[in-house]
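A.B. asks: What follows is a structure written as structure tokens; I'll ask about it next.
Rule-based calculations on the coordinates, nothing more; no lab input. Since the structure is predicted, the reported quantities are computational estimates derived from the model, not experimental observations. Cβ sites come from the backbone with ideal geometry, for glycine too, and all protein chains shown count toward neighbours.
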Amino acid sequence: MEKAINRQKILLHHLNPSSSNHSSSLSASACAAGDSAAYHRTSTFGDDVVIVAAYRTALCKSKRGGFKDTHADDLLAPVLKAVIERTNVNPSEVGDIIVGTVLAPGSQRASECRMSAFYAGFPETVPIRTVNRQCSSGLQAVADVAAAIRAGFYDIGIGAGLESMTANPMAWEGSVNPKVKMFEQAQNCLLPMGITSENVAHRFGVSRKEQDLAAVESHRRAAAATASGRFKDEIIPVSTKIVDPKSGEEKSVTISVDDGIRYGAKFSDLERLKPVFKKDGTTTAGNSSQVSDGAAAVLLMKRSVAQQKGLPILGVFRTFTAVGVDPAIMGVGPAAAIPVAVKAAGLELDDIDLFEINEAFASQFLYCRNKLGLDPEKINVNGGAMAIGHPLGATGARCVATLLHEMRKRGRDCRFGVISMCIGTGMGAAAVFESGDCADELCNARKVDDLLLSKDAR
């Protein structure tokens, strides 16, 4: 009996907050967020995975923009350096760097990423690898780091994203296996992304007018956000060069503003654009995401480590999911992934304060928004990929930076955010984040029989 009591004491010691300043003991109480035990934790528990820094480069038009003459490794290095320098974290403490990237040959891009880490000041002891889940690669990198921290592989890691669509345009290399003709879904994996957009528009009745209006609104929001300086906290200026294609003259420049935004974009201008993928289609260059160059990096660690270092917590990583959908309408991915991720967090869609949903195409963006019944005022409040750009491997990590900095600006009333995107070949990914400013306080709580319950507990 005495042994059993001692065993219970040991277990309770491990389960109680580790801080010696706390004299509270474990007690039963209602879950702070419905049926999800994850939200019953407080700041005294150190097992949360938190984000302490998230930065990106400006996003620039492929082949024509500010990064057209910038090597991919020179895009990644500045954001890797920023997450370390601006937090004063010793780079040797980083357990791993994972970089989402899509178009470059795997072995070459892996080497470029390793080179970037050295440029940024990381010692040879810090490993790095790449991950490719198409357009969600940057978000997948962040999720992989979060999972590794939760598993105890290391306490600090960096999830990043990188794409130079100037250096590595979208293309299929080599021959296609003739076996693909025997499997319709496999064959649909080869459809141009624009055709999948046309399929979504046709199948779900998304009109050309709706798509063009959505594009105008994306540019309007991005232009307003840029003019008011809302991106300044997340963008790391990059010193590089631009080469004049005619004279070959090199000019030193510092790029700190997204250069694909159309200031003063008008519906009348977009409606004149011709369809790109089908003669009688509705998908145009104006209502599609921009082909871009850029990079982003996110520094994650255990909450206890962040507290020990005295670092402010930008956000808390809650859940991530990836799901499969019909490759022929791959753009519906967010509509399938978001509910799964939100449910896994113990929340409902109404609990989410902000969404960053990648605007691969206006057709699929509108379908997903309408299918889930989301408030347009909560989605892409500073514009999306139709205006800012979509460097495939970087987009997920870019969205983390954009979402969390916007949540911080909005304060304690903005508690939960979701990032989601469709994925080529028929998938969707989504992740739920909680604001660091309010992670330990139930600002939406109500009292029920002297117990605090969040608004989703019915």
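A.B. asks: Would you be so kind as to identify which of 94, 337, 211 lies farthest towards the positive end of the dipole of the chain, taking Lys and Arg as +1 and Asp and Glu as -1 on Cβ and the Cα centre as origin?
C.D. replies: In the chain, that residue is 211.
A.B. asks: As a test of the formula, what do you get for the chain when each DSSP H run with n ≥ 4 contributes -39,500 (n - 2.57) and the sum is divided by the residue count, at 222 nm and rounded to the nearest 500 deg cm²/dmol? Don't jump to the answer; show the numbers that get you there.
C.D. replies: On the way: 12 runs with 144 residues, N = 458.
Using -39500 (n - 2.57) per qualifying helix, the result is -10000 deg cm²/dmol.
A.B. asks: Beta carbons within 10 angstrom, averaged per residue: use that to sort the peptides 328-336, 299-307, highest first. Present the calculation step by step, with values, prior to reporting the outcome.
C.D. replies: Working: 328-336: 26.2, 299-307: 23.1.
Ranked from most to least packed, the peptides come out as 328-336, 299-307.
A.B. asks: If you count, for each residue, the other Cβ atoms within 10 Å and average over each peptide, how do 408-416, 66-74 line up from highest to lowest?
C.D. replies: Details: 408-416: 16.2, 66-74: 21.9.
Ranking, from highest mean packing down: 66-74, 408-416.
A.B. asks: Express the relative contact order of the stretch 192-326 as a whole percentage, based on alpha carbon pairs under 8 Å and six or more residues apart in sequence. Don't jump to the answer; show the numbers that get you there.
C.D. replies: Numbers: 97 pairs, mean separation 35.5, N = 135.
With pairs under 8 Å counted, the relative contact order is 26 percent.
A.B. asks: Could you tally the net charge around residue 265, taking each other residue with its Cβ under 12 Å from the Cβ of residue 265, Lys/Arg +1 and Asp/Glu -1?
C.D. replies: On the way: positive: 220, 221, 262, 266; negative: 212, 217, 269, 271.
So the environment of residue 265 carries a net charge of 0.
A.B. asks: If you don't mind, there's one more thing I want to ask. Taking the alpha-carbon centroid of each part, what is the distance from the stretch 114-133 to the stretch 322-347 in angstrom?
C.D. replies: Comparing the Cα centres of the stretch 114-133 and the stretch 322-347, I get a distance of 31 Å.
A.B. asks: Quick one: of the DSSP bridges fully inside the chain, what percent are antiparallel, nearest 5? Before the final figure, lay out the partial values.
C.D. replies: Values: 48 of 64 bridges.
Bridges in the chain are about 75 percent antiparallel.
A.B. asks: Let me ask you something else. Tell me, what is the percent relative contact order of the stretch 46-125, built from C-alpha pairs under 8 Å that lie six or more residues apart? Write down the numbers at each step before the final one.
C.D. replies: Details: 45 pairs, mean separation 28.3, N = 80.
For the stretch 46-125, the relative contact order is 35 percent.
A.B. asks: Pick out, from 428, 355, 299, the residue whose Cα sits farthest towards the positive end of the charge dipole of the chain, with +1 on the Cβ of Lys and Arg and -1 on the Cβ of Asp and Glu.
C.D. replies: 428
A.B. asks: Next question. Below 8 Å, C-alpha to C-alpha, sequence gap of six or more: please give me the relative contact order for the chain in percent. Walk me through the numbers on the way to the answer.
C.D. replies: Numbers: 1040 pairs, mean separation 118.4, N = 458.
Relative CO of the chain lands at 26 percent.
A.B. asks: Treating the angle as unsigned and between 0 and 90°, give the value, to the nearest 10°, between the Cα long axis of helix 106-119 and the longest Cα principal axis of the chain.
C.D. replies: 60
A.B. asks: Near residue 378, which aspartates and glutamates are there with a Cα under 16 Å away, not counting those fewer than 8 places off in the same chain?
C.D. replies: Straight-distance partners of residue 378: 217, 348, 350, 351, 353, 356, 359, 406, 413, 434.
A.B. asks: Given Cβ point charges of +1 (Lys, Arg) and -1 (Asp, Glu) and nothing else, what value in debye, to the nearest 20, does the dipole of the stretch 256-363 about its Cα centre take?
C.D. replies: Numbers: 11 positive and 13 negative charges, 55 e Å.
It works out to roughly 260 debye.
A.B. asks: While we're looking at this one, here's another question. Treating only the Cβ of Lys, Arg, Asp and Glu as charged (+1, +1, -1, -1), what charge dipole size does the chain show about its Cα centre? Round to the nearest 20 debye.
C.D. replies: Values: 52 positive and 50 negative charges, 85 e Å.
Roughly 400 debye, rounded to the nearest 20.
A.B. asks: Okay, next question. Just grab the label-to-label distance for residue 266 and residue 377, each label 7 Å out from Cα along the Cβ direction, in nm (one decimal).
C.D. replies: 2.8
A.B. asks: So if we plug the beta-carbon distance of residue 207 and residue 92 into 1/(1 + (r/R0)^6) with R0 = 51 Å, what FRET efficiency do we get, rounded to 0.05? Don't skip to the answer; put the middle values down first.
C.D. replies: Values: r = 55 Å, r/R0 = 1.08.
Here the calculated transfer efficiency is 0.40.
A.B. asks: Compute the distance in nm between two label points, each set 7 Å from the Cα along the Cα-to-Cβ direction, one at residue 179 and one at residue 252.
C.D. replies: Result: 5.5 nm between the two label points.
A.B. asks: Now for a separate question. What does the highest-first list of 380-390, 128-138 look like by mean Cβ count within 10 Å?
C.D. replies: Working: 380-390: 27.4, 128-138: 25.0.
Order by mean packing, descending: 380-390, 128-138.
A.B. asks: Beyond a 25 Å Cα-Cα separation, which of these cross-linked pairs lie in this structure: 63/409; 63/251; 63/209; 63/371? Don't skip to the answer; put the middle values down first.
C.D. replies: On the way: 63/409 34 Å; 63/251 16 Å; 63/209 29 Å; 63/371 35 Å.
Listed pairs above 25 Å: 63/409; 63/209; 63/371.
A.B. asks: I'd like the distance separating the alpha-carbon centroids of the stretch 270-285 and the stretch 172-203, in whole Å.
C.D. replies: Measuring centre to centre over Cα atoms gives 20 Å.
A.B. asks: Please check the chain for the longest run free of GluC sites (Glu not before Pro) that are loop-located per DSSP (anything but H, G, I, E, B) and have at most 16 other Cβ atoms within 10 Å. Don't jump to the answer; show the numbers that get you there.
C.D. replies: Details: sites that count: 124, 173, 249, 271, 348, 441.
After excluding every exposed loop site, the longest remaining stretch is 1-123.
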